[in-house]
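The values are calculated or read from the model by the stated rules, or taken from the named source; none is laboratory data. Because the structure is predicted, anything quoted here is derived from the model rather than measured. Using ideal geometry, Cβ is built from the backbone for each residue, glycine included, and neighbour counts are taken over all protein chains shown.
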Amino acid sequence: LSKSGRKDEL
Amino acid sequence: MNLFRLTGDMMHLFSILVILLKIRATKSCRGISLKTQELYALVFVCRYLDLLYSFVSVYNSVMKVTFLATAFSIIRYMRYDKVVRQTYDREQDTFRYGFLVAPCFVLALLINHKFTLTEVLWTFSIYLEAVAILPQLVLMQRTQNIDNLTAHYVALLGGYRALYIVNWVYRYFTERHYKQWIVWISGLIQTAIYADFFYFYTIAWKSNKRLQLPA
């Protein structure tokens, strides 16, 4: 998530 | 969460509900590619493995579980439901999806952020999602008799990724360090694949006619 928050997307 | 992303997610969700509605209400899956549905199930399984070890939000988890459950529900209907399975266009839905899965997997092994099992599978799911609609598009071109629900299904799926692109642009300018080339390039390719479909979908919609794709 710290990694540019990309995994908060589906 | 911005409005583009939320609308995109809702379109994605509705696309799946449209298929489930079609199957349940008409007891028919005519015009739906099982290959595409199976590819999406594979996409969701590989991408949402993180349900097991990380938590983002209730919204996120609920959506992930919903996508997984509905994907398998559609496959179950098409493969095993006594009535529905007889309406499946088995002879027409012959796309060799190994030709999509294998290259995507090799690409995920070569181009990823980190060479770990979950990261490679996640990357694979991004690449595979970009091309997973192809069997469905090929089937629609072959059958030439596309019902409205199937047309709306594909339109919603295409719209979902297009809105994600707007969401990425928005996030790029509003969030520091928001960069994700793998997802962006895959998403652009994914949306481009729908361009041709949208052209004919719009024509059909404007003239209030049934969608027809040229052979």
Odd one out for residue B:68, checked against (1) closer than 23 Å to residue B:166 by Cα; (2) of a type in the set (A, V, I, L, M, F, W, C); (3) without any contact (Cβ under 8 Å) to a residue 40 or more places away in the chain: (1)
Residue under evaluation residue B:73, criteria (1) at pLDDT 95 or above; (2) within 20 Å of residue B:194 (Cα to Cα), criterion not met: (2)
Take residue B:16 and tell me if it is surrounded by 20 or more Cβ atoms within 10 Å (Cβ to Cβ) and more than 13 Å from chain A (Cβ to nearest Cβ). no
Return yes or no: is residue B:201 aromatic (Phe, Trp, Tyr) and either at pLDDT below 95 or surrounded by fewer than 19 Cβ atoms within 10 Å (Cβ to Cβ) (or both)? yes
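Just need a number here: residues in segment B:146-191 that are within 14 Å of another protein chain (Cβ to nearest Cβ), among the hydroxyl-bearing types (Ser, Thr, Tyr) and assigned to a helix (DSSP H, G or I).
Adding up the residues that qualify gives 6.
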Among the listed residues B:78, B:63, B:10, B:1, identify the single one that is outside any helix (DSSP H, G or I) and either under 30 Å from residue B:170 (Cα atoms) or modelled with pLDDT of 95 or more (or both). B:1
Any chance you could count how many residues in segment B:197-214 are touching a residue at least 40 places away in the same chain (Cβ under 8 Å) and in a helix (DSSP H, G or I)? 4
For segment B:128-187, what are the residues that are hydroxyl-bearing (Ser, Thr, Tyr) and under 18 Å from the mean Cα position of the chain (by Cα)? B:150, B:153, B:160, B:164, B:186
Can you find even one residue in segment B:84-91 that is β-branched (Val, Ile, Thr), assigned to a helix (DSSP H, G or I), under 15 Å from the mean Cα position of the chain (by Cα) and modelled with pLDDT of 95 or more? no
Go through segment B:17-66 residue by residue and tally those that are among the acidic types (Asp, Glu) and within 20 Å of residue B:139 (Cβ to Cβ). 1
Which condition does residue B:1 not pass, out of (1) of a type outside the set (Val, Ile, Thr); (2) within 23 Å of residue B:121 (Cα to Cα); (3) more than 13 Å from the chain's Cα centre (by Cα); (4) within 12 Å of chain A (Cβ to nearest Cβ), if it passes all the others? (2)
Unique residue being surrounded by 13 or more Cβ atoms within 10 Å (Cβ to Cβ) and not charged (D, E, K, R) when the list is B:48, B:80, B:53: B:48
Select, from B:97, B:127, B:153, the only residue that is at pLDDT below 95 and buried (at least 16 other Cβ atoms within 10 Å of the Cβ). B:97
Considering only segment B:26-42, I want to know if a residue exists there that is over 19 Å from the mean Cα position of the chain (by Cα) and either assigned to a helix (DSSP H, G or I) or within 14 Å of chain A (Cβ to nearest Cβ) (or both). yes
